[in-house]
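Just below is one structure, and these are the notes that go with it.
Since every read-out is calculated from the coordinates, none of them should be taken as a lab result. Since the structure is predicted, the reported quantities are computational estimates derived from the model, not experimental observations. Virtual Cβ from ideal backbone geometry, glycine too; neighbours counted across all protein chains shown.
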Ligand code: ADP
Ligand code: MG
């Protein structure tokens, strides 16, 4: 094919692809326009998961009738005129692309009236073709209605996730903006249901409950730190509240949501040694820095930025965040008379302002090794009980328990130290999987016996999580849980799997929701195994729990009976073996080293 210029239609669809990836991206652009217009009230209406209708109405400054047509052209903006201004950007928009892009992949209607004008105007754009602007009587402000998104780009439609996922994306996005702009009244209606309504009274805590649910919102710690070079505010979770991934760490930089692995790493580092391996905090943080210290023009959706001095931002964020969980990590109660309270984790944390804790920012920023440390699913989680050679452990003789966490046992070839938590996790997991495997695929009933709770327990969730949990209730039944919707956002746990009878029902339900939120995992069996592994982890005896001799013995023999006794379902070892040979060498009875 000879080289030729693309038609403007194709060119604009290609360009639109960068900005408008899914319904939530349309919502984001329209929200940002409303905020830039100074709106203090923004209503969002979604139908058909955003594919049928996305409407954003604001009470901002409006667009004059003679500017409507130009507003929907590519590279048209009222927010910037020279390139130098790019480094002093105070508005969210500046690329002048959103309306043009959205208009080229949908049927868009723009209705607007500036404050000082008597009548408003309306303009329709269909697949990039703009009609003529005509007068119309409307309230002050702007309404952008986007219908039939991607109707002319069927390939895009195919890439959209399930309606539930797309709706959830919109929920999350709007809730986060509502938190970033607490002085603005947000209303989000999806499929004729009120998903979010904020008062706009400036109180962030109120919005926090919409994001996380009442219970978690109450526990979140407030962060407020910095100077004129870097100001950080927002919320982070206490060390007792964690997630299996970093997805709940969100940043706004100068009022715009930013994805930046280095910033998330800074938060994770702030919790250094305070969280279990593979667990991550929740955080929503608002970073304010001088506009000239950040380049916002590096990504079409403005989702990434480049910092002039990323090193000082990184350390600034880490140190500010660190102070909050430190201040709130409970110090073990040791009785009244005791003045000195040891805090074992203090050693590993440099005191604020000290330079002893040197960091190499390059390795910090690029060495993303611990990012998303979900263990590989194939090997440890699903011990394929038929194919793999069964890796038995030898018969063990119990010697005792150490530090209320490890069992000491003797085997024919030396000493075994068994991690009681990991071991119990493995035992529960294999029992659970064995029962689960008996279930008939098509039957509605579970093969997992349920045990009714003496006292049913109620658990609260954020609106988004609650909707998802409602959809997943049948899965819970299969796993031996009896859970029902009790009120808006509230669920009643009536029964738990009898295998896990000791489990805290609320903790179990939260773990399940967390797992469901890990959407779109390919293999169903793997998802189930993952979920089961997580609840077994919850139900297993903890380190620090004193076990009777009988319990210790039972745990060892249960472990001996497992198919893959040497690791927990998440791949961590259940035992350490010190061979007689090793002992002899260590005691200098044989060889030199
Ligand atoms: P950008 O936001 O990057 O300037 P857009 O394509 O999103 O580009 O919007 C183009 C222009 O249309 C904006 O610069 C602004 O002047 C006007 N505009 C868009 N939405 C609104 C709104 N809700 N209220 C007032 N003006 C708007
Ligand atoms: Mg814009």
query: Using a simple spin-label model with points 7 Å from Cα along the Cα→Cβ vector, what separation in nm is obtained for residue 563 and residue 276?
result: 2.4
- request: Pull out the extension gain between residue 309 and residue 214, defined as 0.36 nm times the separation in residues minus the alpha carbon to alpha carbon distance; nm, one decimal.
  value: 30.5 nm
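How much length would be gained if the chain were fully extended between residue 402 and residue 478, taking 0.36 nm per residue of separation minus their Cα-Cα distance, in nm to one decimal? Walk me through the numbers on the way to the answer.
Working: separation 76, 0.36 × 76 = 27.36 nm, distance 3.78 nm.
Length gained, residue 402 through residue 478: 23.6 nm.
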query: Taking the highest mean first, how do the peptides 260-269, 1-10, 22-31 order by number of other beta carbon atoms within 10 angstrom per residue?
result: 22-31, 260-269, 1-10
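Set the Förster radius R0 to 60 Å, insert the Cβ-Cβ distance between residue 148 and residue 584 as r into 1/(1 + (r/R0)^6), and round the FRET efficiency to 0.05. Display every interim value, and only then the final one.
Details: r = 77 Å, r/R0 = 1.29.
FRET efficiency, residue 148 to residue 584: 0.20.
Where a ≥ b ≥ c are the square roots of the eigenvalues of the C-alpha gyration tensor, would you call the stretch 186-324 rounded, which needs a/c under 1.5, or, failing that, prolate if a/b is larger than b/c, or oblate?
On the way: a/c = 1.67, a/b = 1.17, b/c = 1.43.
Cα axes put the stretch 186-324 in the oblate bin.
Based on the Cβ-Cβ distance of residue 494 and residue 1, what FRET efficiency does E = 1/(1 + (r/R0)^6) give at R0 = 60 Å, to the nearest 0.05? Mind dumping the intermediate values first?
Numbers: r = 66 Å, r/R0 = 1.10.
That pair, residue 494 with residue 1, gives E of 0.35.
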- line: In nm, the gap between the two label points placed 7 Å beyond Cα toward Cβ at residue 136 and residue 163 is 2.6
query: Using alpha-carbon pairs under 8 Å, 6+ residues apart, how would you state the relative contact order of the stretch 80-138 in percent?
result: 26
- request: Could you work out how far apart the two model spin labels at residue 471 and residue 193 are, taking each label as a point 7 Å from the Cα in the direction of the beta carbon, and quote it in nm?
  value: 1.0
message: Taking R0 as 35 Å, what FRET efficiency do you get between residue 11 and residue 83 from their Cβ-Cβ distance, rounded to the nearest 0.05?
response: 0.95
task: Between the alpha-carbon centers of the stretch 180-251 and the stretch 463-480, tell me the distance in whole angstrom.
output: 24
